[in-house]
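**Student:** Sharing a structure with you now.
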Amino acid sequence: MPAISTSAPAKTILFGEHAVVYGHPSIAIPISSLCAKVIIQPSITTNASIAILKNKAGDEEYKISALPENSLTRGAISEFEKAVGQPLPPFIVTISSHIPIAAGLGSSASVAVAIMRALAGFIGMNLSDAEISAIAFQSEKIQHGSPSGIDNSVVSFEKPVFFKKGFPLEFLALGKALHFILADSGERALTKDVVAAVRESRLAKPAKINMLLSKIGDLSTQAKSLIASGNAFALGKLMTENHAHLKDLGVSTITLDKLTESALQSGAFGAKLCGGGRGGFMVAICKAQYQKKITDELEKISPHVISFKLKEEN
Ligand code: PMV
């Protein structure tokens, strides 16, 4: 049986994080240049399935049965097994990911999707992107408690999506290529903790928080047609507005605010924190010509700056 290699992209949320948890719409895009890679091959020397995690510091090798049940690798594999309803023959899975962890870039969904695609290939099963996304949603629940489902959707389909809980997923065709810059705050927070903090604020101040969440959701709706026309300038204005609401929601940090201000001052059309917040990355949208200048400025305050382009539909 040949080795099966798969990959899945990172993602960033352009509009609607947190609001999406409460049924408002959200827009997310894939980052194809940043991905998780998985290789699966049959295990011929032992009956135990093995996971090899490739890190900068070297390889770590584990028996999958010895990993914690709620670990990303074991959780993804067991959700896959449950979904397909058959035990898997022994295998060796090698996982490498360049996606920063707990940084709002969808690292857990990406690793889960890449594992599930590889496992499907390993047992000769043809699963659609929608089926992979549905199984990855189960593994996201193990990692994040009650995720909205946007991460597994954008990562599985690798297309810009307009996502609203309980409604069919909409794919957004891009009118023109868009240019983005991501900058790491260097701070980390678990999405489930930040989602829980917003839930508490909403219980304490329902009117204020519900108003912010619905304003954020409205921005996603306004942004939808701007993606279709590729209007980076107008999208930027809405992203900056989204950041202001996220700040009022209490999920920004001083560093994330500094990063958005730096991007705006050096010529970005707009900037916001992305993902759960209280750390992780900020995302800015800009003209291609400004990418270098904005990056140079951001690098003065961020340990990791990444620029990427979202290509228009051909
Ligand atoms: O931090 P991330 O990249 O997992 O994004 C979280 C987005 C939230 O809206 C805060 C939570 C969710 O499940 O949608």
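**Student:** How big is the C-alpha Rg of region 192-259 next to the rule-of-thumb value 2.2 N^0.38 Å, as a ratio? It would help to have the intermediate numbers written out before the result.
**Tutor:** Values: Rg = 13.5 Å, N = 68, 2.2 N^0.38 = 10.9 Å.
Taking N as the residue count of region 192-259, the ratio is 1.24.
**Student:** Please report, to one decimal in angstroms, the Kirkwood hydrodynamic radius of region 127-285 built from all distinct Cα-Cα pairs.
**Tutor:** Values: mean 1/r = 0.0601 Å⁻¹.
One over the average 1/r among Cα pairs gives 16.6 Å for region 127-285.
**Student:** Per 20 Å bin from zero, what fraction in whole % of the C-alpha pairs of the chain is there, up to the bin with the longest pair?
**Tutor:** 34, 55, 11, 0
**Student:** Note down the relative contact order for region 15-168 as a percent, whole number, built from C-alpha pairs under 8 angstrom at least six residues apart. Could you put the intermediate results ahead of the total?
**Tutor:** Values: 254 pairs, mean separation 51.8, N = 154.
Averaging sequence separation for qualifying contacts and normalising by length gives 34 percent for region 15-168.
**Student:** Among the GluC sites (Glu not before Pro) in region 125-223, which ones are in a DSSP loop with at most 16 other Cβ atoms within 10 Å of the Cβ? Mind listing them?
**Tutor:** Working: sites: Glu131, Glu140, Glu158, Glu170, Glu187, Glu200; in loops: Glu158, Glu187.
When the GluC sites (Glu not before Pro) of region 125-223 are filtered for loop state and at most 16 Cβ neighbours within 10 Å, Glu187 remain.
**Student:** Starting from the Cα gyration tensor of region 159-206, take the square roots of the eigenvalues, sort them a ≥ b ≥ c, and report rounded, prolate or oblate (rounded when a/c is under 1.5, otherwise prolate if a/b is larger than b/c, else oblate).
**Tutor:** Working: a/c = 3.07, a/b = 1.40, b/c = 2.20.
Because a/c hits 1.5 or more and a/b fails to exceed b/c, region 159-206 counts as oblate.
**Student:** What is the dipole size for region 29-163, taken about its Cα centre, with +1 at each Lys and Arg Cβ and -1 at each Asp and Glu Cβ, in debye to the nearest 20?
**Tutor:** Using only the charged Cβ atoms, the result is roughly 140 debye.
**Student:** Give the residue from Ile50, Pro303, Met125 lying farthest towards the positive end of the charge dipole for the chain; charges sit on Cβ (+1 for Lys and Arg, -1 for Asp and Glu) and the dipole is referred to the Cα centre.
**Tutor:** Pro303
**Student:** Quick one: net charge around Val111, please, counting Lys, Arg +1 and Asp, Glu -1 for every other residue with C-beta under 13 Å from its C-beta.
**Tutor:** With Lys, Arg at +1 and Asp, Glu at -1, the net is +2.
**Student:** Here is a follow-up. Go through region 43-87 and name the GluC sites (Glu not before Pro) that are in a DSSP coil and have 15 or fewer other Cβ atoms within 10 Å of their Cβ.
**Tutor:** Numbers: sites: Glu60, Glu61, Glu69, Glu79, Glu81; in loops: Glu69.
Answer by residue number: Glu69.
**Student:** Antiparallel versus total DSSP beta bridges in region 15-135: what percent is that, nearest 5?
**Tutor:** On the way: 14 of 19 bridges.
The antiparallel fraction comes to roughly 75 percent.
**Student:** Give the separation of the Cα centroids, region 84-119 to region 137-196, in Å.
**Tutor:** 16 Å
**Student:** Starting from the amide H of His304, placed 1.01 Å from N in the peptide plane, find each other amide H under 5 Å away whose residue is 5 or more places distant or on another chain.
**Tutor:** When sequence neighbours closer than 5 places are left aside, the close amide H contacts are Asp184.
**Student:** Another question about this same structure. Can you tell me the Rg and the Dmax, both Å, for the Cα atoms in region 1-112?
**Tutor:** Taking only Cα atoms of region 1-112, I get Rg and Dmax of 15.9, 51 Å.
**Student:** Could you tell me how far the Cα centroid of region 208-235 sits from the Cα centroid of region 239-314, in Å?
**Tutor:** Spelled out, the Cα-based centre of one part sits 16 Å from the other.
**Student:** At a threshold of 8 angstrom on Cα-Cα distance, excluding pairs fewer than six apart, so keeping six or more, what relative contact order does the chain reach in percent?
**Tutor:** Values: 699 pairs, mean separation 70.2, N = 314.
Dividing the mean separation by the residue count of the chain yields 22 percent.
**Student:** Any number yet on Rg/Rh for region 106-153, C-alpha, Kirkwood? Let's see the in-between values first.
**Tutor:** Numbers: Rg = 10.3 Å, Rh = 10.6 Å.
We get a ratio of 0.97 for region 106-153.
**Student:** Please figure out what share of the DSSP beta bridges in the chain is antiparallel and state it in percent, rounded to the nearest 5.
**Tutor:** Working: 45 of 50 bridges.
Beta bridges within the chain, antiparallel portion: roughly 90 percent.
**Student:** Still on this structure, please answer the following. Below 8 Å, C-alpha to C-alpha, sequence gap of six or more: please give me the relative contact order for region 1-71 in percent. Show your work: numbers first, answer last.
**Tutor:** Details: 89 pairs, mean separation 19.8, N = 71.
Answer for region 1-71 is 28 percent.
**Student:** While we're here: Among the complete DSSP H segments of the chain, which ones combine at least 27 Å of alpha-carbon extent along their axis with a mean Kyte-Doolittle hydropathy of 0.0 or more?
**Tutor:** Working: long enough: 206-229 (35 Å, 0.33).
Helices meeting the criterion: 206-229.
**Student:** Residue by residue through region 302-309, what is 3J(HN,Hα) from phi via Karplus (6.51 cos²θ - 1.76 cosθ + 1.60, θ = phi - 60°)? Round to whole Hz and write x for glycine and proline.
**Tutor:** Values per residue, Gly and Pro as x: 10, x, 8, 10, 10, 10, 8, 10 Hz.
**Student:** Can you list the residues, at least 5 places off or on another chain, whose amide H is less than 5 Å from the amide H of Ile92, using H built in the peptide plane?
**Tutor:** Those qualifying (amide H under 5 Å, at least 5 residues apart or on another chain) are Gln41, Ser43, Ile50.
The numbers here are math on the coordinates, done by the rules we state, and not lab data. Just so you know, these numbers come straight off a predicted model, no measurement behind them. A quick note on method: Cβ atoms are made from the backbone with ideal geometry, for glycine too, and the neighbour counts reach across all protein chains shown.
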